[in-house]
Amino acid sequence: MPRRRDPDRDFPWWLLILGATGLWAGWQVATSPVQAGVMAALLQGVQITVVVSVVAYLAAAALGLGLAVMSLSRHLLLRQAARLWIEVMRGIPILVLLLYVAFVIVPGAIAGWNALAEAAGLPPLRTRDVPLLWRAVAALTLAYSAFLAEIFRAGLMAVPEGQVEAAESLGLSRGQIFRLIVFPQGFRVILPPLGNDFVAMVKDSSLVSVLGVTDVTQLGKVISAGNFRYFETYNLVALIYLTLTVGLSLILRRIEARLRAQGSPRD
């Protein structure tokens, strides 16, 4: 059987090609007033894209970790509740979930709150009091919590059972075992898929444009509808997303390689 080669050790010709493409696009922006104006407008949406991606991912990671712990619980009810949540969230398309949360769950929750507020003499909420931005963040959080829960569960189950039994024999509590034994070892296993899902979150954040949230994609639609320069506008939209995702991928690869080097045996 031929020896397998590590693709990460190859010279990154692909990165040179992308870099050359980026330089060409930068030269086009620098020499074209139209593209310069489009890029300046699109960059205003980068902050929204980053905020949506980071906040939704952190919230989904926290919720997903809780679901993973529930799915490994000794109690049948907790395990079945976690499995129900995971299967439902994984079975609904993210776009559908986004619309459902924004226009069904949030208005319904506001109506329920107003009914209680009226009985308690509290001021009512209005639908516009919950911005579409945070409805979109909530929807992405719910969707990705299911995927991250499966990643966390696989990482926690990768820790040998013997280490858990040894920790129990030393008198460690379940919380100490999870914090000191299970999670640090499982984190090395789950880091690559966690990073992949974060990159996917950045791309899926473009779905919030269907709610009118002014991220990069929404601004691209508005700008191209005004100047009819679809080719230039969407080239720059794609370039911005590509810069974000490739940059994140390179950072995550470096972190993964460092963790792999720290965990490898030494002579």
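The values are calculated or read from the model by the stated rules, or taken from the named source; none is laboratory data. Just so you know, these numbers come straight off a predicted model, no measurement behind them. FYI the Cβ positions are ideal-geometry reconstructions off the backbone, even for glycines, and counts take in every protein chain you see.
Is at least one residue of the range 248-257 within 30 Å of Leu99 (Cα to Cα) and either surrounded by fewer than 19 Cβ atoms within 10 Å (Cβ to Cβ) or out of contact with any Cys (no Cβ under 7 Å at 6 or more places or on another chain) (or both)? Explain how you work it out, then say what you get.
Initial filter on the range 248-257 (within 30 Å of Leu99 (Cα to Cα)): 248-249.
In the following step, the residues that additionally are either surrounded by fewer than 19 Cβ atoms within 10 Å (Cβ to Cβ) or out of contact with any Cys (no Cβ under 7 Å at 6 or more places or on another chain) (or both) were identified as 248-249.
Yes.
Of all helices (runs of 4 or more DSSP H) completely enclosed by the range 67-167, which ones contain at least 1 residues that are modelled with pLDDT under 90 and not aliphatic (A, V, I, L, M)? Step through it out loud before you land on a result.
On the way: elements: 76-91, 94-100, 106-120, 132-157.
Once the helices (runs of 4 or more DSSP H) in the range 67-167 are filtered for at least 1 residues that are modelled with pLDDT under 90 and not aliphatic (A, V, I, L, M), what remains is 106-120, 132-157.
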Determine the pairs where a residue that is farther than 12 Å from Val52 by Cβ, located within the range 122-144, has a partner that is loosely packed, with under 15 Cβ neighbours inside 10 Å and of a type in the set (Phe, Trp, Tyr) with Cβ atoms under 6 Å apart, the partner being 6 or more residues away or on another chain. Leu125/Trp113
Number of positions in the range 176-193 that are within 26 Å of Ala139 (Cα to Cα) and surrounded by 19 or more Cβ atoms within 10 Å (Cβ to Cβ): 1
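When you go through Thr21, Thr49 one by one, which is the residue that is over 30 Å from Ile190 (Cβ atoms), among the β-branched types (Val, Ile, Thr) and assigned to a helix (DSSP H, G or I)? Reasoning before the result, please.
Details: Thr49 fails: over 30 Å from Ile190 (Cβ atoms).
Of the residues listed, the single one that is over 30 Å from Ile190 (Cβ atoms), among the β-branched types (Val, Ile, Thr) and assigned to a helix (DSSP H, G or I) is Thr21.
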Tell me which of these Val213 doesn't satisfy, since it passes every other one: (1) of a type in the set (A, V, I, L, M, F, W, C); (2) assigned to a helix (DSSP H, G or I); (3) surrounded by 15 or more Cβ atoms within 10 Å (Cβ to Cβ). (2)
